[in-house]
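The values are calculated or read from the model by the stated rules, or taken from the named source; none is laboratory data. Bear in mind that the values here come from a model prediction, so they are computed numbers and not experimental data. Here the Cβ positions follow ideal geometry from the backbone for every residue, glycine too, while neighbour counts run over all protein chains shown.
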């Protein structure tokens, strides 16, 4: 199979499932962690602090996962270009699942003292490293199997992970909060979603066992042209592509952190609204995100990655200010609209993003380059964003600074798009 002879429809269906299931698991894991960081980890693992400080500490452990991503991106990016996309995708899935299940088994601070948050940080680090290696492989698995004229759509399968994982994670937590009293949820109910991740791991391993290695990597193997040092090769010969890809990710990452992660804190801790209201808004928004991702990705196959991406960034800047105005009404319908429209606009950037980044690199370093772009962005964007949102609000007591922060991040993305070339429908470079 190659770009001129793509997989049959049933093969593409399995590729889509294999590509999306891993990132769905990763973001299911990240979502339940994010929710627990906003709702109960300040009590379970950081009980000696006032609620807002405890939340800041919980989000600090959230940020650890992002800082671990580059390590996973470098390690698994190297292995993905040396040993194959398929091999790495099995490894990352198992590591992520194991770390998540163990978080659900951790004793509280009351029982283990400082060892509890210490182990939480360690497992969070392992989670982040696994996710750092997962994303690029999931993208390349479907993108390198498919047609040149459908790379945006095919690459977007992996992008469905955050939306699907958010829906599954938030829905699971919402169901448990409805089933249990607050005391039961805080005592032991929060552990259930972590244990359930084992189901997704099993399904993911099964579906990926039926997928072949990508044609691009098999061709490199047969011609003995795989890179011996892909990370160094990216740094020496593809630095511009790497920086372009990082900048393109900054805006969407910060916007997503606002709409999905900080929304829970803002609604429950600052506006003192019911937990169920915030979770419902997140699920509705994630559903809009999931629908929008393949739609905007397919649109980018027809009109180009840059215009679709750029329009989404401009509209997201405007929405960063409207979002808080709607949230502050405390009206459930308007809060649902605030999150749903925001995540739909996010989809217009996130849908074309996977293909846009993968198309910046030749096959011999495509895994490493894409992984580095994905993971390094977390250090300057998604990982620190929830922490900065909380810190900015605590310092100024106003949401204007938060909206300006989102605006600055999206401006970086727009500059990146302006100075790069259009890649849609161009042949993937194999040089």
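Some observations on this one:
- Picking from residues in the stretch 184-198 that are surrounded by 14 or more Cβ atoms within 10 Å (Cβ to Cβ) and over 23 Å from the mean Cα position of the chain (by Cα), the one that is nearest to residue 368 (Cα to Cα) is 189.
- Residues that are within 15 Å of residue 133 (Cβ to Cβ), without any contact (Cβ under 8 Å) to a residue 40 or more places away in the chain and in a loop (DSSP other than H, G, I, E, B) within the stretch 83-117 comprise just one, 83.
- Flag for residue 276 being touching a helix residue (DSSP H, G or I) at 6+ places or on another chain (Cβ under 9 Å), outside any loop (DSSP other than H, G, I, E, B) and buried (at least 18 other Cβ atoms within 10 Å of the Cβ): no
- The number of residues in the stretch 416-431 being at pLDDT 90 or above and surrounded by 13 or more Cβ atoms within 10 Å (Cβ to Cβ) comes to 4.
Residues are listed down the side, and each one gets a yes or a no for (1) more than 20 Å from the chain's Cα centre (by Cα); (2) closer than 27 Å to residue 206 by Cα; (3) modelled with pLDDT of 80 or more:
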residue	(1), (2), (3)
16	no, yes, yes
38	no, no, no
48	yes, no, no
58	no, no, no
73	no, yes, yes
88	no, yes, yes
92	no, yes, yes
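Conditions (1) within 24 Å of the chain's Cα centre (by Cα); (2) within 24 Å of residue 14 (Cβ to Cβ), marked per residue:
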position	(1), (2)
200	yes, yes
210	no, yes
221	no, yes
226	no, no
245	yes, no
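- Residue 369 meets each of the listed conditions (1) modelled with pLDDT under 95; (2) within 14 Å of residue 262 (Cβ to Cβ); (3) assigned to a helix (DSSP H, G or I) apart from (2).
- Sole residue being part of a helix (DSSP H, G or I) and at pLDDT 80 or above, chosen from 11, 54, 65, 80: 80
- Qualifying residue in the stretch 329-346 (condition: closer than 25 Å to residue 132 by Cβ and buried (at least 20 other Cβ atoms within 10 Å of the Cβ)): yes
- Filter pass, residue 381 being under 12 Å from residue 73 (Cα atoms), under 16 Å from the mean Cα position of the chain (by Cα) and buried (at least 24 other Cβ atoms within 10 Å of the Cβ): no
- Residue match in the stretch 171-181 (condition: free of Cβ contacts under 8 Å to residues at least 40 places away in the same chain and not in a helix (DSSP H, G or I)): yes
- For residue 401, the conditions (1) part of a helix (DSSP H, G or I); (2) farther than 20 Å from residue 260 by Cβ; (3) over 23 Å from the mean Cα position of the chain (by Cα) all hold with the exception of (2).
- Among the residues here, residue 399 does not qualify as closer than 17 Å to residue 313 by Cβ and either surrounded by fewer than 24 Cβ atoms within 10 Å (Cβ to Cβ) or modelled with pLDDT of 90 or more (or both).
- Among the residues here, residue 353 does not qualify as outside any helix (DSSP H, G or I), closer than 28 Å to residue 147 by Cβ and modelled with pLDDT of 90 or more.
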